[in-house]
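Heads up: the structure comes next, in structure tokens.
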Amino acid sequence: MTLTSSIPVKRTTQSRLSTVDFSNLGFGNYISDHMLVAKYDKGTWQDPQIIPYGDLMMSPAMLSLHYGQAVFEGMKAFHMKDGGINVFRVERHHKRLNRSLERMCMPAISEELFVNGLEAIVKTDADWIPKDNGSSLYLRPVVFASEAKLGVKVADQYLFVILTSPVGPYFSKPVRLKVELDYVRAAEGGTGFAKCAGNYGGAFYPTQQAREQGFDQVIWTDAKEHKYIDESGAMNIMFVLDNKLVTPALSSSILDGVTRNTIITLAKDMGVTVEERKISIEEIEKSFKNKTLTEAFGAGTAAVVSPIATININGMDYHLPEVKADSFQLRVKNKLGEIRSGAAPDTYNWNHVIK
Ligand SMILES: *Cc1c(COP(=O)(O)O)cnc(C)c1O
């Protein structure tokens, strides 16, 4: 018998499903009835199990609290047209999880544990998957150091947990973003490419300031010169410039988004020229002025494609035209939706279908 060939399931006796308002989900407001928990100790992952969602016992000396060894992923599960359940691009999320774990000196998770764990939790809480178009079950794998010790060191004990949450759209309308020219999210050589907890804690303060100024999020720029665009809060940034799809090239300070990769792949299939390269703020300002910049949007699992209404550069608001039905972002979003639902062929084997 392998590690995960049969993950034991301990079901809750008090489901909270009836308390969910599926017509008004928001994002991250509900956590489903169950969770997957596995432990890492003595050099191996062990005892994966599904248990009712609830508090875990922990020591206040738990190393992740003090030294930040905590890494997560974010994925989505959907109902397909034919009744199957689709977890989108599992393989790529698994690879990225392990890249994040490696950067934080944390133990890798086997594909077997990751995939079987996801399948088990999604099957157990299948009733929590929303049926509405645009809604989904958000899957949140998280790994953190659980060892209790005060010394600064790489932990020897970890927990792997998968939580799930029925979610609706992330942003309800086109977003207003501020180009951040003072604070830094990530520097080259740092942890920006990893989905590790500290990146988000460090981003809160500048983001909060931007919110107080009336923006939804910031657009991060490079740490050295504040001259080039990196990405936004939990989205990669994409532009339609001169009818080409232009997005910052990946670097160690940018998260390698799965949605980014999906959109680039689909754009090429649609015959759109794609440029992954450095994009300076100056270029964006210029292309606003000469009207060659026709679309800007964020790309990420949570928001999928999130139209940008306004970009603020150095105190100046630049407005994007309204998103038209034949815009690139709507066409690519529809295409992506069709692939995920099974309405269009899944040429790249992106769908992980659970029967
Ligand atoms: C998760 C995330 C993204 C989007 O990645 P996806 O794989 O498309 O969900 C982009 N930037 C940051 C900082 C993120 O945390």
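Scanning region 40-61 for residues that are part of a strand (DSSP E or B), over 20 Å from K195 (Cα atoms) and in contact (Cβ under 8 Å) with a residue 60 or more places away in the chain returns D41, W45, P48, I50.
Residues that are crowded, with 17+ Cβ neighbours inside 10 Å and more than 16 Å from the ligand (Cβ to nearest atom) within region 324-334 comprise S327, F328, listed in sequence order.
Pairs linking a residue in region 19-35 that is in the same structural domain as P48 (by TED's automatic domain parsing) to a residue that is aromatic (F, W, Y) and modelled with pLDDT under 95, with Cβ atoms under 8 Å and 6 or more positions apart or on different chains, are F27/Y170. Considering region 286-298, and only residues there that are among the small types (G, A, S) and within 27 Å of R96 (Cβ to Cβ), the residue that is farthest from the ligand (Cβ to nearest atom) turns out to be A296. Counting only strands (runs of 3 or more DSSP E) that sit completely within region 188-283, those holding 1 or more residues that are away from the ligand (no atom under 15 Å from the Cβ) correspond to 236-241, 244-248, 274-277. The residues of region 97-107 that are within 19 Å of L36 (Cα to Cα) and either within 11 Å of the ligand (Cβ to nearest atom) or modelled with pLDDT under 95 (or both) amount to a single one, L97.
Among the residues examined, F27 does not qualify as outside any loop (DSSP other than H, G, I, E, B), touching a strand residue (DSSP E or B) at 6+ places or on another chain (Cβ under 6 Å) and closer than 30 Å to Y348 by Cα. Does N349 count as assigned by TED's automatic domain parsing to the domain that holds T265 and surrounded by fewer than 18 Cβ atoms within 10 Å (Cβ to Cβ)? It is false that N349 is assigned by TED's automatic domain parsing to the domain that holds T265 and surrounded by fewer than 18 Cβ atoms within 10 Å (Cβ to Cβ).
When residues in region 65-96 are screened for being away from the ligand (no atom under 15 Å from the Cβ) and not hydrophobic (A, V, I, L, M, F, W, C), 10 of them pass.
Residues in region 117-135 that are over 17 Å from D33 (Cβ atoms) and crowded, with 24+ Cβ neighbours inside 10 Å: there are none. Scanning region 280-333 for residues that are in contact with a helix residue (DSSP H, G or I) (Cβ under 7 Å, 6 or more places away or on another chain) and closer than 24 Å to V167 by Cα yields F297, A299, G300, T301, V304, V305, P307, V323, V332. Tell me, please, whether a residue that is modelled with pLDDT of 95 or more, closer than 18 Å to N351 by Cβ, small (G, A, S) and in a helix (DSSP H, G or I) can be found in region 133-148. For region 133-148, residues modelled with pLDDT of 95 or more, closer than 18 Å to N351 by Cβ, small (G, A, S) and in a helix (DSSP H, G or I): absent.
For region 299-323, a residue qualifies if it is touching a Phe, Trp or Tyr at 6+ places or on another chain (Cβ under 9 Å) and within 11 Å of the ligand (Cβ to nearest atom), and the qualifying residues are G300, T301, A302, A303, V304, V305, S306. Looking only at region 149-187, which residues are hydrophobic (A, V, I, L, M, F, W, C) and either part of a loop (DSSP other than H, G, I, E, B) or without any contact (Cβ under 8 Å) to a residue 12 or more places away in the chain (or both)? Selection gives L150, V152, V154, A155, F171, L181, V184, A186, A187. You will find that of V272, V323, V305, the residue that is of a type outside the set (G, A, S), over 25 Å from E225 (Cα atoms) and touching a Pro at 6+ places or on another chain (Cβ under 6 Å) is V323 and no other.
Scanning region 284-299 for residues that are crowded, with 22+ Cβ neighbours inside 10 Å and in a strand (DSSP E or B) yields a total of 5.
The values are calculated or read from the model by the stated rules, or taken from the named source; none is laboratory data. None of the values given here were measured: they were computed from a predicted structure. We place every Cβ from the backbone using ideal geometry, glycine too, and count neighbours over all the protein chains shown.
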